[in-house]
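Everything below concerns the one structure shown next.
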Amino acid sequence: MLRTVAARGVRVPLRATRSFSTTRAARFIEEDVSADRLAQLLVDSKTSGKPLLVDFFADWCQPCKMLSPVLHRLVNTPSLVGGKEVDLVTIDVDKNMEAAAQFQVRAMPTVLAFRDGKLATSFVGVLPEPKLKEFFASL
């Protein structure tokens with residue numbers, strides 16, 4: 001069906017539009033979690049079936065500021081990493097020293113990947129995006 005719009009005396013046909021909606025796959029990003037909250041998220045990850053990335057960072061850490069936006073983009077855009085659904089939590093080591101000590105974080109950024117509640121793999125420092133995509137694919 002065509003509709004027309006009158007603009008200054010000129011009638012221009014417009015196609016009827018249909019609206020539709022789609023649901024995005026549920027991804028989870030939680031910023032600056034505590035050690036207790038992380039423990040709960042690890043328990044929850046046993047049933048979610050999705051890997052859980054834990055990004056340990058510090059506000060003063062320049063490499064952390066480079067890595068964090070890339071991690072967020074990859075988690076929010078699964079098509080960039082082969083459709084892999086991954087959840088992400090971040091932990092500020094200056095505010096949550098207990099969590100950093102629990103996982104023996106010695107340098108920032110440190111990224112730990114958990115699968116079914118268990119540590120699967122990790123890396124320290126900034127990786128280039130192609131290496132990050134490989135990291136995601138390995139989860």
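Kindly give the semi-axes, whole Å and largest first, of the ellipsoid equivalent to segment 65-115, taking each as the square root of 5 times a Cα gyration tensor eigenvalue.
That gives 24, 12, 8 Å for the three semi-axes.
Could you list log10 I(q)/I(0) for segment 26-137 at q = 0.13, 0.20, 0.24 Å⁻¹, which the Debye formula gives when each Cα is one point scatterer?
Log10 I(q)/I(0), no solvent term: -0.42, -1.07, -1.55.
Label Lys65 and Ser79 with points 7 Å out from Cα along Cα→Cβ: what is the distance between them in nm?
Label at Lys65, label at Ser79, 3.1 nm between them.
Note down the magnitude of the dipole of segment 26-137 about its Cα centre, charges +1 on Lys and Arg C-beta and -1 on Asp and Glu C-beta and zero elsewhere, to the nearest 20 debye.
Magnitude of the dipole: close to 420 debye.
List the pairs from Lys65/Lys118; Lys95/Lys133; Lys46/Lys118 whose alpha-carbon separation is above 18 Å, in the order I gave them.
Lys65/Lys118; Lys95/Lys133
With a 10 Å Cβ neighbour count serving as the proxy for reagent exposure, in which order, fewest first, do Lys84, Lys65 appear?
Lys65, Lys84
Give, rounded to the nearest 20 debye, the magnitude of the charge dipole that segment 72-139 has about its Cα centre when Lys and Arg contribute +1 at Cβ and Asp and Glu contribute -1 at Cβ.
Value, rounded to 20: 180 debye.
By count of other Cβ within 10 Å, fewest leading, how are Val43, Val111 ordered?
Val43, Val111
Sorted from fewest to most neighbouring beta carbons within 10 Å, what does the list Thr47, Thr90, Thr121 look like?
Thr47, Thr121, Thr90
Output the antiparallel fraction of DSSP beta bridges having both residues in segment 26-137, as a percent to the nearest 5.
Around 60 percent of the beta bridges assigned by DSSP in segment 26-137 are antiparallel ones.
A short reminder: the numbers here are calculations on the coordinates, not readings from a lab. Since the structure is predicted, the reported quantities are computational estimates derived from the model, not experimental observations. Methodologically, a virtual Cβ is constructed for each residue, glycine included, from the backbone with ideal geometry; neighbour enumeration extends over all protein chains shown.
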